[in-house]
Amino acid sequence: MLAKLKPVLFVLAAAALAYPLMPFSNDYLLHVVTLVLVYMVLAMGLNILPGFCGLLDLGFVGFYGIGAYTSGLLTIHYGMSFWVIVPLACLNGALWGVLLGVPTLRLVGDYFAIVTFGFAELVVLFLTNEIWLTRGPLGLPGIEPVSFDFTWLNPDWYFELIGEVPYFYLAVAMVAFVWLVMRRIEDSRLGRAWFAIREDTLAAASCGVNILRYKVIAFAISAGIGALGGAFYARWSLFLSPDMFKFWESFLVLCMVVLGGLGNIAGALVGAVVLIVLGEGLREILPILGLAPETRFLAYGLIMVLIMRFKPAGFFPAIATASARNPLIKDLKKRLAGYASGEKSGTAA
Amino acid sequence: MEPLLKVENVTKRFGGLMALAEVSFEVRPGEILGLIGPNGAGKTTMFNCIAGVYKPTSGDITFAGKDGVVRTNGLKPEKMTGLGIARTFQNIRLFGALSVLDNVRVARHCRTSSNFFGAVLRTRSQKEEEKAIIEESMRWLEFVGLAKHALDNATSLAYGNQRRLEIARALATGPKLIMLDEPAAGMNPRETRRLVDLIHAILDAGVTVVLIEHDMKLVMHICQRLAVLDHGVLIAEGVPEAVRADPQVIEAYLGRGAAHA
Ligand SMILES: Nc1ncnc2c1ncn2[C@@H]1O[C@H](COP(=O)(O)OP(=O)(O)O)[C@@H](O)[C@H]1O
Ligand SMILES: [Mg+2]
């Protein structure tokens with residue numbers, strides 16, 4: 001079935017990529033799509049914890065916030081280039097991931113979830129109260145947009161990215177990058193160690209996996225990707241405030257991951273599309289029905305209940321699918337097919 | 001001969017319950033040692049102490065592993081696997097959502113080293129390592145007779161094959177000693193016969209075996225020596241004939257299960 005869908009998906013992707021260049025392209029639509037792309041990055045980042053490792057993380061938005069404020073503050077105070085900020089923000093996110101992970105990852109189940117929840121709340125409190133650094137509830141306005149500075153080559157070559165179109169492409173590149181990284185990790189020693197932890201922690205340890213270390217690595221990478229999303233968001237929205245990083249966002253990203261199927265990377269992307277589009281739709285529809293826009297949270301909750309009831313494993317429940325595309329495994333598959341048919345003819349003879 | 005594994009006066013308490021009381025025995029290289037005893041005698045607890053899942057309350061466990069003779073109590077399970085002790089579980093613990101091959105590939109973790117950067121950059125050494133992992137994993141799957149199921153889902157295997165997969169996974173960690181916790185439980189007679197062959201093949205591959213088993217016929221048949229636990233106390237140790245004749249053993253175990261023997 002997927003093979004038949006492939007050309008259709010390809011055409012859709014090509015159309016989507018060409019759309020922003022069309023004269024009839026619409027800024028609002030582009031904005032929503034870019035938002036979807038940001039959430040795709042976040043969903044892929046969060047997916048590592050509950051999806052790959054089986055760890056319920058309710059504080060993911062904390063790392064998103066850390067990345068965004070790292071990006072915003074470095075831009076405002078030091079005028080750093082986006083291209084320098086991105087790795088710094090990722091490292092800062094990963095650093096906090098490790099600092100939070102090392103003491104707390106010994107906790108299991110609900111206790112761990114509660115601690116991560118507390119962490120995200122602490123980040124918001126910090127952003128709100130440390131006014132000397134973050135300007136608190138006033139937020140951070142006036143963040144410079146992303147620019148390409150080639151003035152060292154030619155004094156005229158300084159390009160600022162203005163409007164929605166370039167950010168759309170930048171976000172596409174970011175999603176493609178994170179997708180590639182996640183797929184490669186999924187089909188590697190690291191990814192298998194995570195899946196083993198998720199499936200059976202004791203058996204994983206018996207296979208020689210250092211559970212705590214691999215959970216911390218997962219936390220660091222997940223946090224780094226969250227921070228990457230934040231770093232982009234800061235330079236795209238050009239304004240930050242602490243209430244953008246409330247617990248609600250963690251829950252939203254978690255819903256995306258669960259909706260798509262825990263541990264399935266493509267599922268995380270689908271989850272991001274569905275929930276952001278739904279959110280935007282409800283934002284339009286609810287006022288018409290005379291309801292406050294906040295009631296859309298109810299709709300999200302309802303969706304979660306329905307998924308849990310009818311599709312508890314999400315829409316794409318398969319995990320560790322990347323290795324099926326690995327040439328080594330394809331090769332093995334061929335060998336096994338030959339082996340099986342050889343065996344059959346062998347018994348017949 | 002220098003023992004491979006030496007258990008000396010090991011005691012394990014769970015609160016008020018004495019699961020193991022001053023148990024001592026040794027495992028010699030190249031043998032099959034049967035660890036037997038009635039339900040609740042402490043056999044699985046003994047495995048867990050050796051494998052690093054539990055830390056003995058007191059006593060010493062020493063293993064002549066890859067790093068020479070080391071006192072291992074308190075070491076973590078992954079460290080024990082690294083030293084060369086592999087184990088299976090009484091209740092099958094496979095990675096259910098993964099393929100048969102992936103279950104075994106995970107077990108190569110302790111003998112391989114590529115990390116995040118290798119995975120993302122797909123360096124040459126990472127690719128070579130992945131290839132070697134697949135080859136080694138397939139070798140063990142062939143060894144237990146599951147090669148043709150390599151790309152199937154682990155949970156799609158028949159019960160007996162799931163047990164064999166667990167053994168393949170344990171072997172793939174490259175152990176000197178493998179501990180099998182009731183591997184024949186739930187198997188039909190044919191599967192049990194194949195299991196006996198497999199255990200002999202494991203020995204021939206140079207891996208020492210410790211076996212927990214309820215099926216007395218099986219134990220008497222394949223083990224060179226037996227150690228008998230009852231209520232956490234080691235009540236006998238020796239060759240099967242001697243153990244079978246031991247009055248204490250007959251009372252504690254064979255007496256009640258005479259029909260078995
Ligand atoms: N984690 C634990 N906590 C408390 N009691 C335990 C634990 N593990 C085993 N026990 C107890 O220790 C005794 C020995 O159990 P076990 O080693 O599983 O016996 P066997 O494998 O010989 O049937 C039993 O009474 C069991 O209830
Ligand atoms: Mg037991």
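Is there any pair linking a residue in the range B:40-52 that is away from every other protein chain (no Cβ under 11 Å) and farther than 16 Å from A:Leu202 by Cβ to one that is near ligand 2 (Cβ under 8 Å from one of its atoms) and open to solvent by less than 20 Å² (accessible area, probe 1.4 Å), with Cβ under 9 Å and at least six apart or on different chains, and which?
B:Lys43/B:Asp181; B:Lys43/B:Glu182; B:Lys43/B:Ile212; B:Met46/B:Ile212
Can you tell me which residue within the range B:21-46, out of those that are of a type outside the set (Ser, Thr, Tyr) and near ligand 1 (Cβ under 8 Å from one of its atoms), is surrounded by the most Cβ atoms within 10 Å (Cβ to Cβ)?
Out of the qualifying residues, it is B:Met46.
How many residues does the range A:193-207 contain that are open to solvent by 10 Å² or more (accessible area, probe 1.4 Å) and either in contact with a Cys (Cβ under 9 Å, 6 or more places away or on another chain) or more than 9 Å from chain B (Cβ to nearest Cβ) (or both)?
The qualifying residues number 2.
Can you report the number of residues in the range A:5-30 which are in contact (Cβ under 8 Å) with a residue 12 or more places away in the chain and either touching an Asp or Glu at 6+ places or on another chain (Cβ under 9 Å) or open to solvent by 70 Å² or more (accessible area, probe 1.4 Å) (or both)?
6
Name every residue in the range A:173-219 that is touching an Asp or Glu at 6+ places or on another chain (Cβ under 7 Å), outside any helix (DSSP H, G or I) and not aliphatic (A, V, I, L, M), in order of residue number.
Within the range A:173-219, A:Gly208, A:Asn210 qualify.
Quick check: anything in the range B:125-138 among the polar types (S, T, N, Q) and more than 28 Å from B:Gly206 (Cα to Cα)?
Within the range B:125-138, one or more residues are among the polar types (S, T, N, Q) and more than 28 Å from B:Gly206 (Cα to Cα).
Checking B:Glu166 against (1) touching a Pro at 6+ places or on another chain (Cβ under 9 Å); (2) within 16 Å of ligand 2 (Cβ to nearest atom); (3) charged (D, E, K, R); (4) open to solvent by 30 Å² or more (accessible area, probe 1.4 Å), only one condition comes out false. Which one?
For B:Glu166, the failing item is (4).
For residues in the range B:55-96 being within 14 Å of ligand 1 (Cβ to nearest atom) and crowded, with 19+ Cβ neighbours inside 10 Å, which is farthest from the other protein chains (Cβ to nearest Cβ)?
B:Pro56
Tell me the residue from A:Glu164, A:Glu186, A:Glu160, A:Glu144 that is more than 7 Å from chain B (Cβ to nearest Cβ), exposed (fewer than 15 other Cβ atoms within 10 Å of the Cβ) and among the charged types (D, E, K, R), please.
Going through A:Glu164, A:Glu186, A:Glu160, A:Glu144 in turn, the sole match is A:Glu160.
With respect to B:Arg111, determine if the residue is away from ligand 2 (no atom under 16 Å from the Cβ), over 25 Å from B:Pro240 (Cβ atoms) and basic (Lys, Arg).
yes
Looking only at the range B:198-214, count every residue that is within 13 Å of ligand 1 (Cβ to nearest atom) and surrounded by fewer than 13 Cβ atoms within 10 Å (Cβ to Cβ) and tell me the total.
0
Pick out the one residue from B:Val120, B:Val144 that is closer than 27 Å to A:Leu180 by Cα and either within 8 Å of another protein chain (Cβ to nearest Cβ) or in contact (Cβ under 8 Å) with a residue 12 or more places away in the chain (or both).
B:Val120
I need the full set of residues from the range A:100-112 which are part of a helix (DSSP H, G or I) and either of a type in the set (Val, Ile, Thr) or farther than 14 Å from A:Ser222 by Cβ (or both), in order please.
Within the range A:100-112, A:Val102, A:Pro103, A:Thr104, A:Gly109, A:Asp110, A:Tyr111 qualify.
Being open to solvent by less than 30 Å² (accessible area, probe 1.4 Å), out of contact with any helix residue (DSSP H, G or I) (no Cβ under 9 Å at 6 or more places or on another chain), away from every other protein chain (no Cβ under 14 Å) and within 16 Å of ligand 1 (Cβ to nearest atom) is true for just one of B:Ala236, B:Ala227, B:Ala252. Which residue is that?
Just a single option satisfies the conditions, and that option is B:Ala252.
The values are calculated or read from the model by the stated rules, or taken from the named source; none is laboratory data. Just so it is clear, the structure is predicted and the values come from calculations on it, not from any experiment. Here the Cβ is made from the backbone with ideal geometry for all residues, glycine too, and neighbour counts use every protein chain on show. Note: accessible area is taken over every heavy atom of the protein model, side chains too, but ligands, DNA and RNA are not part of it. Shrake-Rupley method; radii C 1.70, N 1.55, O 1.52, S 1.80 Å.
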